[in-house]
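To keep things clear, I will list the structure first and then write my remarks on it.
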Amino acid sequence: MRIILVVYSVLTFVGMTSPAHAEPTIVRAAEPLRLTETQMDVVSAGTTVVTTGASATAEGSNTHTYTSTSTTVIGTPLNIVSAGLGSAKAYACCGSGTDTNVQTGYYSDADIVIANSLVNDASNPVSSSSNGVITVIAVDVPLLQ
């Protein structure tokens, strides 16, 4: 009985380590799934909006102010992933009183949203400055029913 178990164990080991078992299994990818009109009614392309604003004021004569804002949103061809970037700058100088302010914001109805906003303000007796940036990444997870 002991000889049969040893022979069986050796044959099992050789069978499991043979080159036939060492080959990787190749599985073909499935064809894309076609959605019915009812299924298409629940697919959302998603919306992502990035906003920025800037203001600068200076009191007195011979003053200078500057504001600048920029936003952009791009998406993949099917709008499953969208990315937005916004920036705002404000500068006020050379008056008896100066004030600057920037705002950043976003809206997205995507399933997964990652947003980061940073605003820095600085001022001294004769000038003020504010800078802000925002980044948004939004991902829609398609619903299949």
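The values are calculated or read from the model by the stated rules, or taken from the named source; none is laboratory data. Quick caveat: nothing in here was measured; it's all calculated off a predicted structure. Quick reminder, even Gly has a Cβ in these numbers, built from the backbone with ideal geometry, and neighbours come from all protein chains shown.
Just wondering, is there one or more residues in segment 108-120 that are outside any strand (DSSP E or B) and among the β-branched types (Val, Ile, Thr)? No: zero hits. For the residues Pro77, Pro125, the requirement of being without any contact (Cβ under 8 Å) to a residue 12 or more places away in the chain, under 30 Å from Arg34 (Cβ atoms), in a loop (DSSP other than H, G, I, E, B) and not basic (Lys, Arg) singles out Pro77.
Cys94 fulfils the conditions (1) in contact with an Asp or Glu (Cβ under 6 Å, 6 or more places away or on another chain); (2) on the phi > 0 side of the Ramachandran plot except for a single criterion, (1).
Filter segment 108-118 down to residues that are loosely packed, with under 14 Cβ neighbours inside 10 Å, at pLDDT 90 or above and of a type outside the set (Val, Ile, Thr) and give me whichever is nearest to Ala56 (Cα to Cα). Lay out the reasoning, then the answer.
Initially, segment 108-118 is screened for residues loosely packed, with under 14 Cβ neighbours inside 10 Å, giving 109, 112, 114, 116, 118.
Next cut, at pLDDT 90 or above only: 114, 116, 118.
This time we only want the ones that are of a type outside the set (Val, Ile, Thr), so: 116, 118.
Values: Asn116: 24, Leu118: 18 Å.
My answer is Leu118.
Of the residues Thr135, Thr72, Thr98, Thr65, the single one that is out of contact with any His (no Cβ under 7 Å at 6 or more places or on another chain), without any contact (Cβ under 8 Å) to a residue 24 or more places away in the chain and either part of a strand (DSSP E or B) or under 30 Å from Thr36 (Cα atoms) (or both) is Thr72.
Taken over segment 59-80, residues that are under 27 Å from the mean Cα position of the chain (by Cα) and exposed (fewer than 11 other Cβ atoms within 10 Å of the Cβ) amount to 3.
For segment 91-106, a residue qualifies if it is surrounded by 14 or more Cβ atoms within 10 Å (Cβ to Cβ) and either of a type in the set (A, V, I, L, M, F, W, C) or modelled with pLDDT under 90 (or both), and the qualifying residues are Ala92, Cys93, Cys94, Gly95, Val102.
Restricting attention to segment 66-110, the residues that are more than 17 Å from Asp121 (Cβ to Cβ) and aliphatic (A, V, I, L, M) add up to 8. Flag not set for Ser87, criterion: in contact with an Asp or Glu (Cβ under 6 Å, 6 or more places away or on another chain), surrounded by 15 or more Cβ atoms within 10 Å (Cβ to Cβ) and farther than 30 Å from Arg34 by Cβ.
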